[in-house]
Amino acid sequence: MSVVSVTPAAADLIRSLRGRHGPLMFHQSGGCCDGSAPMCYPAGEFRTGSSDVLLASLAVDGVPEPVEFWMSSAQWELWKHTRLTVDVVPGRGSGFSLEAPDGLRFLIRSRLAA
Amino acid sequence: MTRYDAPTHWQSRYDHFIGGEYVKPHGGGYFENPTPVTGQTFTEVARGTAPDVEKALDAAHGAADAWGRTSVAERALILNRIADRMQDNLESLAIAESWENGKPVRETLAADIPLAIDHFRYFAGAIRAQEGSLGEIDDDTVAYHFHEPLGVVGQIIPWNFPILMATWKLAPALAAGNAVVLKPAEQTPASIHYWLSLVADLLPPGVLNIVNGFGVEAGKPLASSARVAKVAFTGETTTGRLIMQYASENIKPVTLELGGKSPNIFFDDVSAASDDFLDKALEGFTMFALNQGEVCTCPSRALIQQGHYSDFLAAAVERTKAIVAGHPLDTDTMIGAQASNDQLEKILSYLDIGRQEGAKVLTGGSRADLGGDLSGGYYVEPTIFEGDNSMRVFQEEIFGPVVSVTSFADLDDAVKTANDTLYGLGAGVWTRDMNVAYRAGRAIQAGRVWTNCYHAYPAHAAFGGYKQSGIGRENHKMMLEHYQQTKNLLVSYSTQKLGFF
């Protein structure tokens with residue numbers, strides 16, 4: 001079972017954003033307001049470093065390159081017993097995440113690792 | 001009780017406020033602004049993009065020099081006049097913020113707006129009293145230190161206290177003599193414009209500019225601009241890091257407030273008597289539901305000492321069950337609506353993983369349907385989980401009315417659990433023993449430790465984070481220096497050369 005998977009609705013949105021913005025990446029946020037939610041950026045917009053861990057390179061049908069999903073390693077220490085699914089819901093705010101103007105918001109759903 | 005009518009003072013559309021007047025968005029787009037009370041749209045707001053931000057920066061740069069040279073007496077007078085206008089319109093401001101954010105009007109009437117008013121008055125006073133310094137290096141040499149404004153600053157405001165959080169950033173920045181380009185949260189852009197309708201004539205054109213829009217379209221060009229001398233942001237860690245990355249490209253300072261997972265610690269002696277103090281402590285527990293839990297310092301982890309654990313927790317559950325949910329504009333309502341649908345969905349996802357991890361639901365645990373026209377709104381039952389600090393509901397900011405409870409053995413154990421978190425913004429300590437209170441308060445790695453109180457936000461008490469909770473201290477005169485440069489004049493009063501050349 002992969003660490004991160006994507007719902008069909010989220011895959012649709014990723015394809016759409018890929019068409020408009022080019023290659024994409026995710027970084028899972030922590031903290032308040034729009035936090036505890038995945039942020040979607042043009043690939044390379046957010047500089048990952050030694051404090052981050054690459055959880056998955058998501059293969060999305062219709063997207064030519066893998067979409068990397070990152071999280072800070074300190075946060076992953078607290079999450080690693082769970083598996084994550086990127087979903088999408090109607091919504092509004094999202095920091096600088098790309099999907100907000102569409103009236104949509106990426107959301108993480110979690111389940112315990114088998 | 002009073003039940004206010006839905007506010008009718010909104011304009012049907014809000015443009016950007018740039019250079020002292022409303023300006024249509026360059027791209028021509030607008031987005032709908034729904035109230036979380038019913039889910040219905042009540043106004044539409046300009047969708048800002050980079051050209052709008054540039055125009056606002058032009059206006060701010062045009063105004064900054066004159067504003068920075070305006071006497072502190074005059075700047076303070078303007079801030080006090082803003083406070084006076086807000087005082088005169090307290091009720092309508094409170095209703096506006098409640099309608100846009102979903103929070104109970106009892107909170108906006110008693111806390112959000114009165115605190116914002118006092119905040120302007122505080123910084124009006126603080127800037128009058130601020131002094132530079134001089135150092136007498138030797139008999140002929142003096143180092144003078146002057147406070148100078150940074151110039152033009154960018155501010156990105158969160159949605160949980162739309163007017164108060166804007167005030168926390170605006171009051172010190174304006175007092176210090178800066179011109180501002182401010183982006184409200186895309187969830188709650190309208191109430192700041194209602195506020196502006198009351199005070200816009202008090203400020204010189206260009207000193208305050210408001211560009212609405214989404215983070216990616218309007219916030220990013222503001223945060224990454226080489227034309228802002230500083231960026232202030234309240235939000236979450238990934239965007240905070242991204243703003244620091246942008247700032248590093250231009251070598252600009254930032255202040256960040258990024259949230260927490262605040263422990264609220266109840267020692268055994270809290271229950272030593274059945275008295276007012278115990279009653280106050282139980283209210284302190286229940287503070288997790290203030291503002292529907294949408295507070296960066298939500299006391300979302302309750303640590304209860306083992307000796308009184310069962311009794312205190314049972315009383316806390318009863319207190320939580322007594323929280324009155326209802327229409328946010330009803331003054332009897334204690335908990336209103338979550339601010340947006342995605343916020344609601346995120347909270348529900350945490351209620352799900354909390355259960356999966358084995359946390360026990362002591363009360364609540366579901367979305368609430370309040371019936372009638374509120375059925376379209378975003379309501380959640382106040383929820384108490386019982387579990388272990390390693391669970392995700394103990395480690396992540398849910399930003400909903402959800403508290404996770406665990407026990408501790410002694411002071412060391414309490415401090416260990418309290419500090420077992422990535423964050424360090426707020427904490428609460430409840431005890432009748434001031435020695436214990438002092439030891440716990442000093443040992444907890446958080447910027448604010450409420451001691452025998454919680455969720456008080458008076459001006460003149462510094463507020464900010466340790467660890468991943470951010471950089472800077474708001475709410476205090478020290479915030480002035482986050483909006484100022486230090487100019488040193490090093491002056492020689494000697495007529496004699498050094499003799500090197």
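Table for the structure above
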| item | result |
| --- | --- |
| Test: residue in the stretch B:231-250 that is in contact with a Gly (Cβ under 6 Å, 6 or more places away or on another chain), assigned to a helix (DSSP H, G or I) and either within 14 Å of chain A (Cβ to nearest Cβ) or under 23 Å from B:Pro51 (Cβ atoms) (or both) | yes |
| Residue under evaluation B:Gly470, criteria (1) at pLDDT below 95; (2) in contact with a Leu (Cβ under 6 Å, 6 or more places away or on another chain); (3) of a type outside the set (Phe, Trp, Tyr), criterion not met | (1) |
| Complete set of residues in the stretch A:72-105 that are under 14 Å from the mean Cα position of the chain (by Cα) and under 19 Å from B:Gly213 (Cβ atoms) | A:Ser94, A:Gly95, A:Phe96, A:Ser97, A:Leu98, A:Glu99, A:Ala100, A:Leu104, A:Arg105 |
| Leading residue by the ranking (surrounded by the fewest Cβ atoms within 10 Å (Cβ to Cβ)) among those in the stretch B:315-345 that are out of contact with any Leu (no Cβ under 9 Å at 6 or more places or on another chain) and outside any loop (DSSP other than H, G, I, E, B) | B:Lys321 |
| Selection count where residues are touching a Phe, Trp or Tyr at 6+ places or on another chain (Cβ under 9 Å), more than 30 Å from B:Leu115 (Cα to Cα) and not in a loop (DSSP other than H, G, I, E, B), scope the stretch B:131-163 | 5 |
| Search result, residues across the stretch B:16-27 that are within 14 Å of chain A (Cβ to nearest Cβ) and more than 20 Å from B:Ser197 (Cβ to Cβ) | B:Gly27 |
| Of all residues making up the stretch A:62-71, the number that are farther than 18 Å from A:Ala113 by Cβ and within 16 Å of the chain's Cα centre (by Cα) | 6 |
| Residue list for the stretch B:418-442, restricted to those being in contact with a Phe, Trp or Tyr (Cβ under 6 Å, 6 or more places away or on another chain), more than 14 Å from chain A (Cβ to nearest Cβ) and within 28 Å of B:Gly235 (Cβ to Cβ) | B:Gly428 |
| Subset tally (residues that are among the hydrophobic types (A, V, I, L, M, F, W, C) and more than 10 Å from every other protein chain (Cβ to nearest Cβ)) for the stretch A:61-75 | 3 |
| Matching residues in the stretch A:105-114 - criterion: being outside any loop (DSSP other than H, G, I, E, B) and more than 21 Å from B:Leu242 (Cα to Cα) | A:Arg109, A:Ser110, A:Arg111, A:Leu112 |
| Any hit, the stretch A:76-99, residues being surrounded by fewer than 19 Cβ atoms within 10 Å (Cβ to Cβ), assigned to a strand (DSSP E or B), of a type outside the set (D, E, K, R) and more than 7 Å from chain B (Cβ to nearest Cβ) | yes |
| From the options B:Glu386, B:Glu294, B:Glu318, residue that is facing another protein chain (nearest Cβ under 10 Å), acidic (Asp, Glu) and over 22 Å from B:Met1 (Cα atoms) | B:Glu294 |
| Residue in the stretch A:29-45 that is closer than 14 Å to A:Pro66 by Cβ, among the hydrophobic types (A, V, I, L, M, F, W, C) and away from chain B (no Cβ under 12 Å) present | yes |
| Condition met for B:Gly27 (modelled with pLDDT of 95 or more, surrounded by fewer than 18 Cβ atoms within 10 Å (Cβ to Cβ) and either assigned to a loop (DSSP other than H, G, I, E, B) or assigned by TED's automatic domain parsing to the domain that holds B:Ala325 (or both)) | yes |
| Any hit, the stretch A:7-21, residues being within 10 Å of chain B (Cβ to nearest Cβ), in a loop (DSSP other than H, G, I, E, B), touching a residue at least 40 places away in the same chain (Cβ under 8 Å) and not aromatic (Phe, Trp, Tyr) | no |
| Residue in the stretch B:130-146 that is buried (at least 18 other Cβ atoms within 10 Å of the Cβ) and within 26 Å of B:Pro204 (Cβ to Cβ) present | no |
| Verdict on B:Ile192 being facing chain A (nearest Cβ under 10 Å), assigned to a helix (DSSP H, G or I) and at pLDDT 95 or above | no |
| Any hit, the stretch B:346-363, residues being away from chain A (no Cβ under 14 Å), within 28 Å of B:Ala185 (Cβ to Cβ) and assigned to a helix (DSSP H, G or I) | no |
| Subset of the stretch B:261-286 (residues that are surrounded by fewer than 23 Cβ atoms within 10 Å (Cβ to Cβ) and hydrophobic (A, V, I, L, M, F, W, C)) | B:Ala272, B:Ala273, B:Phe277, B:Leu278, B:Leu282 |
| Flag for B:Ile78 being within 29 Å of B:Ala339 (Cβ to Cβ), part of a helix (DSSP H, G or I) and in contact with a helix residue (DSSP H, G or I) (Cβ under 8 Å, 6 or more places away or on another chain) | no |
| The stretch A:14-48, subset over 27 Å from B:Asn160 (Cα atoms) and among the aliphatic types (A, V, I, L, M), residue surrounded by the fewest Cβ atoms within 10 Å (Cβ to Cβ) | A:Ala43 |
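Conditions (1) β-branched (Val, Ile, Thr); (2) under 23 Å from B:Gln11 (Cβ atoms); (3) crowded, with 22+ Cβ neighbours inside 10 Å, marked per residue:
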{"position": "B:Gly62", "(1), (2), (3)": "no, no, no"}
{"position": "B:Trp67", "(1), (2), (3)": "no, no, yes"}
{"position": "B:Leu79", "(1), (2), (3)": "no, no, yes"}
{"position": "B:Asp84", "(1), (2), (3)": "no, no, no"}
{"position": "B:Leu90", "(1), (2), (3)": "no, yes, no"}
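The values are calculated or read from the model by the stated rules, or taken from the named source; none is laboratory data. A quick note: this is a predicted structure, and the numbers were derived from the prediction, not measured. Cβ sites come from the backbone with ideal geometry, for glycine too, and all protein chains shown count toward neighbours.
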